[in-house]
Amino acid sequence: MPCQRKKSEFESKVQSTSTWSFPLLNLPAELIIHVGHFATSTRLGFPTGALNKHLVTLFGSATSIATRAENYHASRVGAVLGEIRRLGAVGKAGSTPDSGRPKVIKTLLDRGIPDHEDLDRIFRQAAQSGALQIVQMMVQDYGGIQLISSQPIRQENPLAKAIKERHDAVALYLLSLNHREDSLYAPEDLESALRVAVAKDAKVLVQALVPHLAPFSIVLSQCLFSAAVTKRSPSLVEAIISSARTANYTLHPDCIGDALKRVSVHGNVAVVKVLMENLKDDFMPGTLDRVIGIAEVLGRGEVAKLLKKYLQCELTTTSPSIISTGFKNARVLPLPFPSEPDATPVPASSLIPFYHPPHSKAPAPLTITTLSELLFYSLSVSAWKNGGPGDKGAYALRCNPSSGNLHPVECYVIGKGLDAAATVGNVVGVWHYAPDDHVLEERGTAKEGAELWTKVGQTLDGGPHAEHGLILCALTSVTFREVWKYGIRGWRYCQLDVGHAIACLSLSASLLGWSCRLLHARSLTIGNLVGAHLPDQFVRGEEEEPCCLLAIGPRQVSGTKVTIGSEQDLDSALAELATLVDFGNTGPTELSPTGVRWSYPQIEVVSKLTQREDLTTDPGDLSPAGLIQPPPIVSTLESQTILNPQSAIRIRRSTTEMSTGDGALPLSTFHSLLARTVPHLAWSAEPDAERQQPWSVLSDDFVDVHLVIAVHEVEGLAKGLYLLVRSPLQSSDTPSVLKHFLHANPTLVANAAPLQLYLIKEGYFARVMGGLSCMQDIARDGHFSLAMIGRVPSDEVGTPRYRRVFWEAGMLGQVLYHEATMRGGSATGIGCYFDDAVAGVAGLNGGDGEGTGSGALGGEFQVLYHFSVGVSREDERVRRGDPYSVVKGMDRTAPRQTA
Ligand SMILES: Cc1cc2nc3c(=O)[nH]c(=O)nc-3n(C[C@H](O)[C@H](O)[C@H](O)COP(=O)(O)O)c2cc1C
């Protein structure tokens, strides 16, 4: 039997009493701890092990640890953060987390954390440390839900922090609290969380996050791009695609097309395979064709072979080198070539007669030479790229820009006596302009049309037009040329291209002192006049859509504003004239002999609905009453010299790369550029001066396309987002468009008057604009880039005004191209942008300005077109010199054989 030590009286007392009566231990625990602390630090000790044991228990209690931690950190918040970090460290080391810690943290929290911001910090720390229990505790007991959705936490969201450290359990728990319809997280938080998850290759988290994104988030598409191109991870790409499918999100065709292109360039067969297996029907038509070409050129044989399996058909004939329709066996009328203009600078102020003709110069008479000039300075070939004229692989560029250089717009000139043979007699000719050879092709003739032609002239200005000479220019659009490459949005590009062509013709007419006006003819009348109504003459799918009709010719020398008489009479005369035109057996050459047709029912619908079927005025024709005419703005024209307009028209190019670091754009130049986009502003005090061209082309005062401008580098102007209101002010001095913006109190930029330029948000938006413009650097690197926004109430989408608003945007683009070029700058029209995200950044409130509305992003406003202005880097692929050098040596009277 082991020898038993005799218990001391004290020990016996301790062990025999369940309620220990040692007086020290009846003291409050906090005090005992202090005593204990004193005892330990002074090495006094206590006489018995039992007491020590008890004290150890007390020291190890949550209350004790909490107090010591608080003392150690000299603050309660510091103590909580420290304890959470310890917890995280324990968890990280692989051992089981210290189970006592949450109690300590709870004790500290229960003692009270008065500051809301401190609670935020604690919550974020818990998420970052992967302390699931603490995160849960804070959500349940300490208002965590409010913490998630509270403002300060948004900037450093706990979800992203948990994801970044790969604390998947915490991240999944935080996501489980969220409802897509009533989200706790701001959209930016969820988007940044997704980006982090992709960067961390966290497939599970990606799949969990996707259903929470906002419906129009482009981030998912961008993430697909980085998963494919940066991470090169087939499984991550697959996870993104499958979760997008499940959540019913459409991946942006441009992003996926770009991703395919880049991974093909890298030769990453595994990722190419995943993309093709999952998305083969989602690529833009034409993407595959191009990517195969790139892969072949770069020697990525395996990728090219794989892609070819998915290529259902080859498109070979809509390449950019074919720049206009040709009419088989049509009689050809060569136009005399004007010589290329000298690049002589002129004083900026000397442009006033060009902006407001006629001032001093008498209009040029209408002859074959002046008609040639009109077309030479508007729609002709002005340069070649990738080689000179006639070189293999080189292609022509024109005075008018076009999305993808695909040039869907065709121009028909209708007039009497345009060629020598028809000068005498009654023949009215319908001629197709072929810019490749700078010739007119006879589309049809009205042998007995003279009388009706006079009638047409009389309905315009009551006669002077007939007297001084008149031509009509009908613009049509071959939708197929754009749609094979860009899909549905190709239709919008066609309309923007029409707008560019209208402005080009108007500017060119102005150089001759001529007027140029858009007529309100019915679409059917226009189609009948140019033979677009003859299905037998067109290849199915390649039909031309009638767009608009312009009356062009020498104006009255007196300068009286030109008015249209009766639109009804005009349309009737034109319709009657059309019945007299004999279109013979000719028809346009086929664009795609392989017969590939992409079917887009949406395009057929929008095209039909927006045709002008009658002459009833639509809201676009109403001149608002009480417009205030601002004073002329001559004083703001810069004092320096600029390039003459003829040269600017001929050398204009879309910049493919903006130069950076060239300094800021002078403020006066910025103001002048903008002033040229505002129709009702005048550069002259002449009482009879017409509205500045090209805006005089529109016969009404209704303007509802405005500019949201991101100023990157303009001298003396704060970087930020601005709104240029282009409509004239009415009696009230606040433009109604401002009601549609969410940003509080846009401020009028005082020194920009008479421009109605408002600062809506200060900040540097260059990178944002690049991103919003489909990640294109040209929108980021210039002096400024902009989004054109147009008011298109939903009930007007299916009306002719819908087209008209895009034409106006295209015209705006042409003015910017031209004005920038004259001032040594450069520009690019940008058709690719993310509409809803743009509306979000611009702060368009989704309402109708009256507090009602659908709530859809952008509301009544639609983003129509993006544009960037800056200084271009030299593009060595562009060949200047005489673009017609080869053509000039050929017989241009023979029928054209465009294949
Ligand atoms: C409606 C429209 C949209 C365009 N979109 C883009 C674009 O998104 N990105 C781009 O780099 N260029 C864009 N461009 C510029 C065209 O690519 C350019 O006009 C074409 O290649 C012909 O070159 P040019 O303008 O020098 O004649 C666009 C042009 C137009 C008219």
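Would you mention how many residues in region 476-497 are of a type in the set (A, V, I, L, M), more than 9 Å from the ligand (Cβ to nearest atom) and surrounded by 24 or more Cβ atoms within 10 Å (Cβ to Cβ)?
Of the residues in that region, 2 qualify.
Each row is one residue, and each column tells you yes or no for (1) modelled with pLDDT of 90 or more; (2) closer than 21 Å to PRO187 by Cβ; (3) in a strand (DSSP E or B).
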{"residue": "GLY829", "(1), (2), (3)": "yes, no, yes"}
{"residue": "VAL841", "(1), (2), (3)": "no, yes, no"}
{"residue": "GLY846", "(1), (2), (3)": "no, yes, no"}
{"residue": "THR852", "(1), (2), (3)": "no, no, no"}
{"residue": "GLY855", "(1), (2), (3)": "no, yes, no"}
{"residue": "HIS866", "(1), (2), (3)": "yes, no, yes"}
{"residue": "ASP882", "(1), (2), (3)": "yes, no, no"}
{"residue": "THR893", "(1), (2), (3)": "no, no, no"}
{"residue": "THR898", "(1), (2), (3)": "no, no, no"}
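Given the criterion within 16 Å of the ligand (Cβ to nearest atom) and either over 32 Å from the mean Cα position of the chain (by Cα) or aromatic (Phe, Trp, Tyr) (or both), identify the matching residue among PRO345, PRO401, PRO389, PRO363.
PRO389
Identify, by number, the condition in (1) open to solvent by 10 Å² or more (accessible area, probe 1.4 Å); (2) modelled with pLDDT of 90 or more; (3) within 16 Å of the ligand (Cβ to nearest atom) that THR445 doesn't meet.
(3)
From the set of residues in region 407-417 that are in contact (Cβ under 8 Å) with a residue 24 or more places away in the chain and open to solvent by 10 Å² or more (accessible area, probe 1.4 Å), which is nearest to the ligand (Cβ to nearest atom)?
Result: VAL409.
Could you please tell me which pairs satisfy a Cβ distance under 6 Å, a separation of 6+ or placement on different chains, a first residue in region 161-176 that is in the same structural domain as GLN140 (by TED's automatic domain parsing), and a second residue that is of a type in the set (Val, Ile, Thr)?
So the pair list comes out as ALA162/VAL170; ILE163/VAL196; LYS164/VAL196; VAL170/VAL135; ALA171/ILE163.
Test HIS740 against the stated conditions and say whether it is away from the ligand (no atom under 12 Å from the Cβ), surrounded by 20 or more Cβ atoms within 10 Å (Cβ to Cβ) and modelled with pLDDT of 95 or more.
No, not satisfied.
Starting from region 478-494, keep only residues that are acidic (Asp, Glu), then list their pairs with residues that are more than 11 Å from the ligand (Cβ to nearest atom) whose Cβ atoms are within a distance under 9 Å, requiring at least 6 positions of separation or different chains.
So the pair list comes out as GLU482/TRP491.
Take the conditions at pLDDT 90 or above and open to solvent by 10 Å² or more (accessible area, probe 1.4 Å) and apply them to LEU177. Does it pass?
Here the answer is no, as LEU177 does not meet what is asked.
Name the residues in region 222-260 that are open to solvent by less than 40 Å² (accessible area, probe 1.4 Å) and either in the same structural domain as GLY771 (by TED's automatic domain parsing) or among the acidic types (Asp, Glu) (or both), would you?
ASP254
Quick check, is TYR764 at pLDDT 90 or above and assigned to a loop (DSSP other than H, G, I, E, B)?
yes
Exactly one of these conditions fails for LEU205: (1) free of Cβ contacts under 8 Å to residues at least 24 places away in the same chain; (2) surrounded by 24 or more Cβ atoms within 10 Å (Cβ to Cβ). Give me its number.
Answer for LEU205: the failing condition is (1).
For region 477-526, what are the residues that are hydroxyl-bearing (Ser, Thr, Tyr), under 18 Å from PRO353 (Cβ atoms) and in contact with a Leu (Cβ under 7 Å, 6 or more places away or on another chain)? Give the steps one after another, and end with the answer.
Applying the first criterion (hydroxyl-bearing (Ser, Thr, Tyr)) to region 477-526 yields 477, 479, 486, 493, 506, 508, 510, 515, 523, 525.
Filter once more, so that each one left must be under 18 Å from PRO353 (Cβ atoms): 506, 508, 510, 515.
Selection gives SER508 alone.
With the structure loaded, tell me whether THR821 is open to solvent by 10 Å² or more (accessible area, probe 1.4 Å), more than 22 Å from the chain's Cα centre (by Cα) and at pLDDT below 90 or whether it fails that test. Spell out the reasoning first.
Details: open to solvent by 10 Å² or more (accessible area, probe 1.4 Å): yes; more than 22 Å from the chain's Cα centre (by Cα): yes; at pLDDT below 90: no.
So THR821 does not fit the description; no.
What are the residues in region 629-656 that are among the β-branched types (Val, Ile, Thr) and modelled with pLDDT under 70, if any? Let's see the steps before the verdict.
Taking region 629-656 first, the residues among the β-branched types (Val, Ile, Thr) are 633-634, 636, 641-642, 649, 651, 655-656.
Scanning region 629-656 gives VAL634, THR636.
Taking strands (runs of 3 or more DSSP E) that do not extend beyond region 639-742, which have at least 1 residues that are in contact (Cβ under 8 Å) with a residue 40 or more places away in the chain and in the same structural domain as GLY829 (by TED's automatic domain parsing)?
So the answer is 705-711, 720-725.
Condition check ((1) surrounded by fewer than 16 Cβ atoms within 10 Å (Cβ to Cβ); (2) of a type in the set (A, V, I, L, M, F, W, C); (3) out of contact with any His (no Cβ under 9 Å at 6 or more places or on another chain); (4) under 22 Å from TYR722 (Cβ atoms)) across all residues:
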{"site": "ILE651", "(1), (2), (3), (4)": "no, yes, yes, no"}
{"site": "MET658", "(1), (2), (3), (4)": "no, yes, no, yes"}
{"site": "SER668", "(1), (2), (3), (4)": "no, no, yes, yes"}
{"site": "SER672", "(1), (2), (3), (4)": "no, no, yes, yes"}
{"site": "LEU681", "(1), (2), (3), (4)": "no, yes, yes, yes"}
{"site": "GLN692", "(1), (2), (3), (4)": "no, no, no, yes"}
{"site": "SER696", "(1), (2), (3), (4)": "no, no, no, no"}
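Can you find a residue that is over 22 Å from GLY770 (Cα atoms), touching a residue at least 24 places away in the same chain (Cβ under 8 Å) and aromatic (Phe, Trp, Tyr) anywhere in region 219-242?
no
Does VAL539 satisfy the criteria of being at pLDDT below 90, away from the ligand (no atom under 16 Å from the Cβ) and among the hydrophobic types (A, V, I, L, M, F, W, C)? Before the answer, list the steps.
Details: at pLDDT below 90: yes; away from the ligand (no atom under 16 Å from the Cβ): yes; among the hydrophobic types (A, V, I, L, M, F, W, C): yes.
Judged against the criteria, VAL539 is a match.
Each row is one residue, and each column tells you yes or no for (1) out of contact with any Pro (no Cβ under 8 Å at 6 or more places or on another chain); (2) basic (Lys, Arg); (3) assigned to a loop (DSSP other than H, G, I, E, B); (4) within 30 Å of ARG489 (Cβ to Cβ).
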residue: PRO341; (1), (2), (3), (4): yes, no, yes, no
residue: SER350; (1), (2), (3), (4): yes, no, no, no
residue: ALA364; (1), (2), (3), (4): no, no, yes, no
residue: LEU375; (1), (2), (3), (4): no, no, no, yes
residue: SER378; (1), (2), (3), (4): yes, no, yes, yes
residue: GLY393; (1), (2), (3), (4): yes, no, yes, yes
residue: CYS411; (1), (2), (3), (4): yes, no, no, yes
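Kindly establish whether LEU518 is under 18 Å from PHE806 (Cβ atoms) and more than 16 Å from the ligand (Cβ to nearest atom).
It is true that LEU518 is under 18 Å from PHE806 (Cβ atoms) and more than 16 Å from the ligand (Cβ to nearest atom).
Checking the structure you have, find out if any residue of region 784-792 is away from the ligand (no atom under 16 Å from the Cβ), surrounded by fewer than 20 Cβ atoms within 10 Å (Cβ to Cβ) and either charged (D, E, K, R) or within 30 Å of SER349 (Cα to Cα) (or both).
Checked against the condition, which is being away from the ligand (no atom under 16 Å from the Cβ), surrounded by fewer than 20 Cβ atoms within 10 Å (Cβ to Cβ) and either charged (D, E, K, R) or within 30 Å of SER349 (Cα to Cα) (or both), region 784-792 yields no hits at all.
The values are calculated or read from the model by the stated rules, or taken from the named source; none is laboratory data. Because the structure is predicted, anything quoted here is derived from the model rather than measured. Note that we place each Cβ from the backbone using ideal geometry, even for glycine, and neighbour counts take in every protein chain shown. Quick note on the areas: whole protein, heavy atoms, side chains included, nothing else; ligands and nucleic acids left out. Shrake-Rupley method; radii C 1.70, N 1.55, O 1.52, S 1.80 Å.
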